[in-house]
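Throughout, read-outs are computed from the coordinates displayed, never taken from laboratory work. What you see is a predicted model; the values in this text were computed from it and never measured. Positions of Cβ are generated from backbone atoms using ideal geometry, with glycine treated the same way; all protein chains shown enter the neighbour counts.
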Amino acid sequence: GAGVSQSPSNKVTEKGKDVELRCDPISGHTALYWYRQSLGQGLEFLIYFQGNSAPDKSGLPSDRFSAERTGGSVSTLTIQRTQQEDSAVYLCASSLLGSSYNEQFFGPGTRLTVL
Amino acid sequence: GNSVTQMEGPVTLSEEAFLTINCTYTATGYPSLFWYVQYPGEGLQLLLKATKADDKGSNKGFEATYRKETTSFHLEKGSVQVSDSAVYFCAQTQGGSEKLVFGKGTKLTVNP
């Protein structure tokens, strides 16, 4: 079956522009996660969805970052007024149930470069 | 808060050498522990996991044992192959907080 897909795979933008990153989880997975992977900070959690609601958004670094999930499926991570420190690989993962025991399946990531 | 500390890399070994990558954690309560692997050009994938103390996770010749007394989850393999070259991440989750907390990652290079 299809895995987690993310688009675009690469995004280059200018400082100050808004960007949208998309995640398509594995069909039937109720839990969806966003992480960020950068050289300086390693892998950081951003936000977790259970269905369409986000019980944990503690990792969003500022109010320029927001995310939504619709229909219990696709999720969009939006970064407004991008800054150079936002450059990173943004990873999406999904799991069958939102449980600490359940394996999270990761997508290939979106590499964001802010010039 | 919860955290994971793993040995800094990079680690370079010859084929058939023994591998240990150390990982320790801090947590309130009893976390689940994971090793994820990222092969060159590929996404993160689960290598093995353990959900309670004294559990041993194993896969592809790799093993790690959940040690509550030392708060450790060290990754071991008896004989590494060139194809094991990758970045390895130790991680934890805890009931009530489904997010994965990762270590910094350890890059392993295995030479023929």
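Legend: mean number of C-beta atoms from other chains within 10 angstrom of residue C-beta atoms, peptide B:100-107, equals 3.
The average projected area of chain B, computed from the convex hull of its Cα atoms over all directions, is 6.6 nm².
Looking at chain B, identify the longest residue range that excludes and avoids all trypsin sites (Lys or Arg not before Pro) in DSSP loops having at most 15 other Cβ atoms within 10 Å.
Working: sites that count: B:K52, B:K60, B:K68.
The segment B:1-51 is the longest one with no such site.
Based on the Cβ-Cβ distance of B:A53 and A:R111, what FRET efficiency does E = 1/(1 + (r/R0)^6) give at R0 = 35 Å, to the nearest 0.05? According to the calculation, E is roughly 0.35. Of the GluC sites (Glu not before Pro) found in the stretch B:58-112, those in coil by DSSP whose Cβ has at most 10 other Cβ atoms within 10 Å are B:E69.
Take chain A and mark each of the GluC sites (Glu not before Pro) that is in a DSSP loop with at most 16 other Cβ atoms within 10 Å; the longest unmarked stretch, sites excluded, is A:15-102.
Could you list, in their original order, any pairs among A:K11/B:K60; B:K68/B:K99; A:K57/B:K104; A:K11/B:K77; A:K57/B:K52; A:K11/B:K49 whose Cα atoms are separated by more than 29 Å? Pairs exceeding the cut-off: A:K11/B:K60; A:K11/B:K77; A:K11/B:K49. For the stretch B:79-89, the Karplus equation 6.51 cos²θ - 1.76 cosθ + 1.60, evaluated at θ = phi - 60°, returns couplings of 8, 7, 10, 4, 5, 7, 4, 5, 9, 10, 10 Hz by residue, with Gly and Pro reported as x.
Spin-label model, B:E15/A:T13: points 7 Å from Cα along the beta carbon direction are separated by 4.5 nm.
Can you quote the Å³ per residue value for the convex hull of the Cα atoms in the protein assembly as shown, rounded to an integer?
121 Å³
Note on the stretch B:19-90 and the stretch A:8-80: Cα centroid distance 26 Å, given to the nearest whole angstrom.
Kindly give Rg over Rh for the stretch B:45-108, based on alpha-carbon atoms, with the Kirkwood expression for the hydrodynamic radius. Could you put the intermediate results ahead of the total?
Details: Rg = 12.4 Å, Rh = 12.8 Å.
My calculation of the ratio gives 0.96.
Qualifying chymotrypsin sites (Phe, Trp or Tyr not before Pro) in the stretch A:1-71, where qualification requires a DSSP coil assignment and no more than 14 other C-beta atoms within 10 Å, are lacking entirely.
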